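Q: What follows is a structure written as structure tokens; I'll ask about it next.
What follows draws every value from the coordinates through simple rules; no lab data is involved. In this text the structure is predicted, and so the values were computed from the model without any measurement. For neighbour counting, all protein chains shown are included, and Cβ atoms are generated from backbone atoms with ideal geometry for every residue, glycine included.
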């Protein structure tokens, strides 16, 4: 442990000594830049000062300014100004042996944030990524287009993040307004109210030809096609192609997406078809023919009629041929 601490201490002394030799040499001439753009990480010595053009090219190539953080970066839209003496004082706070004797350039340097104009495409990409991750998720692939161009806005070069703060109660729709905020780390950049048009693309079942009511879904001429599910919200996105119990409840024209409400389980008994009705209580069992007055699934209670007496009853569907009649 002592050897490790000694090695670290010697390394620090060597670095300071090297820094002292670099800046104590009067042969070096350093130029303070008139204006510098920085990012949010801070203001660094190597950004403000460079070897003067008059310095020896060979010598300047061997001299490297230490990457010393002098001060926090100015807030967005603000500038900071430093004189030569202030630059030296800030550098010495980090490296006590720091010294520059030969200066050129202006007496002060102005520092501001590196900014650029936010483009519509850059903002749209941020908004799509956020809405896809937080709202659309795995429902499909979001496509977005701004209804109106964005007003001019400056944002940091190092990038921004977008937070959605308000959406319609129905969420992302074909036409909607979204409230959002732009942030650079902990810095608030801007607020936006944006009108947009959206599409969410996903493969959905579409009838390749007219599909008649009552046809089994697995046998119907249906294929998966890429459609915007925002304009057909009830599309059957989980298409069960192999389920032999599902059929079309309505006729679906060719080229039309198959909706969830178009599909239902094929009834075990059909209205108007004579089946066996069974009274059963304990060991007592009475059988007769009955006419279902509505379609029924197994376990479902439906209305039935005794065709001989026209008396209406209720019974629970047992299977395709049997209805249990309640006493």
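Q: In the range 255-287, whose amide N lies under 14 Å from the spot 7 Å out along Cα-to-Cβ of residue 324? List them in ranges.
A: Taking a point 7 Å out along Cα→Cβ of residue 324, the residues of the range 255-287 whose backbone N falls under 14 Å are 277-286.
Q: Anyone know which of 293, 118, 70 comes out most mobile in the 10 Å Cα GNM of the chain?
A: Ranking 293, 118, 70 by mean-square fluctuation puts 293 first.
Q: What is the ratio of the Cα radius of gyration of the range 42-190 to 2.2 N^0.38 Å, with N the residue count, to two decimals? Intermediate results must be reported in sequence, preceding the final value.
A: Details: Rg = 22.6 Å, N = 149, 2.2 N^0.38 = 14.7 Å.
Taking the Cα Rg and dividing by 2.2 N^0.38 Å, one obtains 1.53.
Q: For the range 120-200, compute the orientation-averaged projected area of the C-alpha convex hull (one quarter of its surface), in nm². Before the final figure, lay out each step's value.
A: Working: hull surface 20.9 nm².
Result: a mean projected hull area of 5.2 nm².
Q: So for each of 30-39, 168-177 I average, over its residues, the number of other beta carbons within 10 Å; can you give me the resulting order with the highest mean first?
A: Ranked from most to least packed, the peptides come out as 30-39, 168-177.
Q: Arrange the following residues from fewest to most other Cβ atoms within 10 Å of their Cβ: 165, 256.
A: Sorted ascending by nearby Cβ count, the order is 165, 256.
Q: If contacts are Cα pairs under 8 angstrom and at least 6 residues apart, what is the relative contact order of the chain in percent?
A: Numbers: 643 pairs, mean separation 32.1, N = 327.
The normalised contact order for the chain reaches 10 percent.
Q: Inverting the mean 1/r over all pairs of different Cα atoms, compute the Kirkwood radius of the range 275-325 and quote it in Å. Present the calculation step by step, with values, prior to reporting the outcome.
A: Details: mean 1/r = 0.0931 Å⁻¹.
In the range 275-325 this quantity evaluates to 10.7 Å.
Q: Taking N as the number of residues in the range 242-304, what is its Cα Rg relative to 2.2 N^0.38 Å? If you can, show how the numbers build up before the last one.
A: Numbers: Rg = 16.3 Å, N = 63, 2.2 N^0.38 = 10.6 Å.
It is 1.53.
Q: Now for a separate question. Could you give the C-alpha radius of gyration of the chain expressed as a fraction of 2.2 N^0.38 Å, taking N as the number of residues it contains?
A: Taking N as the residue count of the chain, the ratio is 1.95.
Q: If you don't mind, there's one more thing I want to ask. Please report, in whole Å³, the volume per residue of the convex hull around the C-alpha atoms of the range 92-149. If you can, show how the numbers build up before the last one.
A: Values: hull volume 11.3 nm³, N = 58.
It comes to 195 Å³ per residue, whole-number rounded.
Q: Let me ask something additional. Using a Gaussian network for the chain with springs between C-alpha atoms less than 10 Å apart, which of these wobbles most: 137, 163, 316?
A: Sorting by GNM fluctuation, first place goes to 316.
Q: Return the Cα extents of the range 182-327 along principal axes one, two and three, sorted largest first, each rounded to a whole Å.
A: 81, 41, 25
Q: Report relative contact order for the range 150-211 in percent, whole number only (criteria: Cα-Cα under 8 Å, sequence separation at least 6). Don't jump to the answer; show the numbers that get you there.
A: Numbers: 78 pairs, mean separation 16.7, N = 62.
With pairs under 8 Å counted, the relative contact order is 27 percent.
Q: Here's another thing I want to ask about it. Quick one: if the Förster radius is 51 Å, what FRET efficiency do residue 306 and residue 225 give, using the C-beta to C-beta distance and rounding to 0.05? Write down the numbers at each step before the final one.
A: Values: r = 49 Å, r/R0 = 0.97.
In this case the efficiency is close to 0.55.
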